[in-house]
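Participant: Have a look at the structure that comes next, please.
The values are calculated or read from the model by the stated rules, or taken from the named source; none is laboratory data. A quick note: this is a predicted structure, and the numbers were derived from the prediction, not measured. Using ideal geometry, Cβ is built from the backbone for each residue, glycine included, and neighbour counts are taken over all protein chains shown.
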Amino acid sequence: MLRALSSEIRECYRHAEECKRRAESSVDPSTRTDFLEMERRWLFLAHSYEFTERLTDFSRPARRPAHK
């Protein structure tokens, strides 16, 4: 089932998209490289948040107290 992205993940993707757009519009190769590197880092952070959310969702049932 697809779940809505958390606000942190959405924000990371928004920043990554902005960096990509700026890289594509940049004429300076060094600036383009910098923006592409920033895009990569924002995507890495988004993936880290996604992994953490999946891990939390996976481990949540194990943390429930057992019924006596």
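Participant: Could you check the range 1-56 and list, in sequence order, the residues that are touching a residue at least 40 places away in the same chain (Cβ under 8 Å) and touching a Ser or Thr at 6+ places or on another chain (Cβ under 8 Å)?
Facilitator: Listed by number, the residues that qualify are Y49, E53.
To keep it simple, each residue is scored yes or no on (1) modelled with pLDDT of 95 or more; (2) β-branched (V, I, T).
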residue	(1), (2)
L2	no, no
S7	no, no
C19	yes, no
S30	yes, no
L36	yes, no
T52	no, yes
F58	no, no
P65	no, no
K68	no, no
